[in-house]
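Participant: Sending over a structure as structure tokens; questions will come in a sec.
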Amino acid sequence: MTLQGAFAPYSTAYQALNRVCVGEARRVRFKSRGRGLGSIENKRNDTGLRFVLQPPEEGNQGFLVWKDDQLPALIEWSDPVVKYGLDHRIKYARLVQRRASSSKAEGADALSFRYVVQLALEGVSFQKPKHTVGRDTIGADLGPSIIALVAREGEASLSLLCEELAPDEKELRRLQRKMDRQRRAANSGNYDEKGRIKKAGSAKLHWKESRNYEKTRRRKAATERKLAAHRKSVHGKKVHDIVSVGNTVILEKISYQGWQKQYGRSVGLRAPGMFVDILRRTVASTGGTLIEVKTRTSKLSQYCHGCGAFVKKPLSQRWHTCGCGIGPVQRDLYAAFLAAYLDPDHPTPSCAQYVIGWEGAEARLRAAYERVQERAKEGQNLPRSFGIPRAGARLPTSPSEPTQEPAFLLTHGRLEAWKGRSEPPRL
């Protein structure tokens, strides 16, 4: 059993029931019997489930006490975050159950579970010396896969959200196919002669799970947990980079459920909603504020500060150009600039707010986009939402015979490259 840092106190069951009572939700979703509970906590630290810390003269060890059970905890006193947290009063403790890759993993029991103690502590969270806090105001424009940041005084940036994240899609797909084969082998009676799952009529289909299937599923779950941990780490690093410039962030409130309906589950790879949650907590812990303005009120992606007009643009149009002389400028960078100088009390933009800021921001926005172009020329794969046109010639992806491209491509002012062999033909 290990000890982790502090978490804000909350009661999930009470909040879920309270949302139904006030009309913000329709029903309460309960944990299923099969999945069980993943955590249990107490309201106080003097009765029931509690964490007891020995004084230094007696050994300075910690124990989770629950009725007659006394479970020792592994405490890393060399960690400054743990040392700082345990110097404060403990409000209550939470016991968390987490799935490990197998029963042979470090710290896992016979059922492949690890147990972690989380403590809710009194006071403010620990700030590492390397995480500095700036005082600038930053405007952000967040998309399903990209993020644009424009500070009032600092540099602007346009980057891919979680660009360091590199999921092994081939490995995940291979494990999924293996699970499907093992499931079919163990439940051959649930498939018809064409390999399709039979329609469940009056008799419900019963599925068996073999040991090899469980082993493969644990391997796939371990791969996905590593990916989720890496994503959370990358989000935290990006958030600290933002807070080092300024702890006042303004962005438009986004409907992540709408993104999921439009783009599917692929939005979960970058997890923009998780990024906003981490940003909100980190900014609040440093004394700053995260201001989310309503999209219907501000309409930053449709506004032009030169003439004050609202023009609805399609999503495919990635550049802002207006007849009043503003532009061309990348659409996401321009929306982030408008958010940086927006008044939170009056979220409707006006031309007077951006007269002074646009004089120095135009060059910074252009420099930010030029840096994106340099990364694209170096070979970084960027989505179309950046507004970068495709290269005039590209290499083939398949090792087929060299064939000449159609001549009608010359009408576009370019001729695509011939297909070349990736390896010599066999003699």
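Participant: Determine if segment 160-183 includes at least one residue that is in a strand (DSSP E or B), under 30 Å from residue 368 (Cβ atoms) and in contact (Cβ under 8 Å) with a residue 60 or more places away in the chain. Break it down stepwise before answering.
Facilitator: Step one: filter segment 160-183 for residues in a strand (DSSP E or B), giving 160.
Those still in the list that are under 30 Å from residue 368 (Cβ atoms) too: 160.
Okay, now just the ones that are also in contact (Cβ under 8 Å) with a residue 60 or more places away in the chain, so 160.
Yes - at least one qualifying residue is present in segment 160-183.
Participant: All but one of (1) buried (at least 18 other Cβ atoms within 10 Å of the Cβ); (2) not hydroxyl-bearing (Ser, Thr, Tyr); (3) not assigned by TED's automatic domain parsing to the domain that holds residue 370 hold for residue 146, so report the exception by its number.
Facilitator: With respect to (1) buried (at least 18 other Cβ atoms within 10 Å of the Cβ); (2) not hydroxyl-bearing (Ser, Thr, Tyr); (3) not assigned by TED's automatic domain parsing to the domain that holds residue 370, residue 146 is out only on (3).
Participant: Exactly one of these conditions fails for residue 84: (1) in a loop (DSSP other than H, G, I, E, B); (2) among the hydroxyl-bearing types (Ser, Thr, Tyr); (3) farther than 25 Å from residue 108 by Cβ. Give me its number.
Facilitator: The one condition residue 84 does not meet is (1).
Participant: Looking only at residues that are within 29 Å of the chain's Cα centre (by Cα) and among the aromatic types (Phe, Trp, Tyr) in segment 56-93, which one is surrounded by the most Cβ atoms within 10 Å (Cβ to Cβ)?
Facilitator: So the residue we want is 92.
Participant: Any chance you could count how many residues in segment 288-310 are part of a loop (DSSP other than H, G, I, E, B), at pLDDT below 90 and in contact with a strand residue (DSSP E or B) (Cβ under 6 Å, 6 or more places away or on another chain)?
Facilitator: 1
Participant: Here's another thing I want to ask about it. Considering 173, 184, 177, which residue is of a type outside the set (Gly, Ala, Ser) and in contact with a strand residue (DSSP E or B) (Cβ under 7 Å, 6 or more places away or on another chain)? Steps first, please.
Facilitator: Numbers: 173 fails: in contact with a strand residue (DSSP E or B) (Cβ under 7 Å, 6 or more places away or on another chain); 177 fails: in contact with a strand residue (DSSP E or B) (Cβ under 7 Å, 6 or more places away or on another chain).
Selected residue: 184, the only one of 173, 184, 177 that is of a type outside the set (Gly, Ala, Ser) and in contact with a strand residue (DSSP E or B) (Cβ under 7 Å, 6 or more places away or on another chain).
Participant: If you don't mind, there's one more thing I want to ask. Only one of 59, 48, 107, 85 is at pLDDT below 85 and outside the structural domain of residue 290 (by TED's automatic domain parsing). Can you tell me which? Show your work before the answer.
Facilitator: Details: 48 fails: at pLDDT below 85; 107 fails: at pLDDT below 85; 85 fails: at pLDDT below 85.
Answer to the check: 59.
Participant: As an exercise: evaluate residue 160 against (1) under 16 Å from residue 241 (Cβ atoms); (2) modelled with pLDDT under 90 and give the number of the one condition it does not meet.
Facilitator: Tallying (1) under 16 Å from residue 241 (Cβ atoms); (2) modelled with pLDDT under 90, residue 160 fails exactly one: (2).
The values are calculated or read from the model by the stated rules, or taken from the named source; none is laboratory data. Predicted model only: the values in this text are computed from it and were never measured. When we count neighbours, we look across all protein chains shown, and the Cβ atoms used for this are built from the backbone with ideal geometry, even at glycine.
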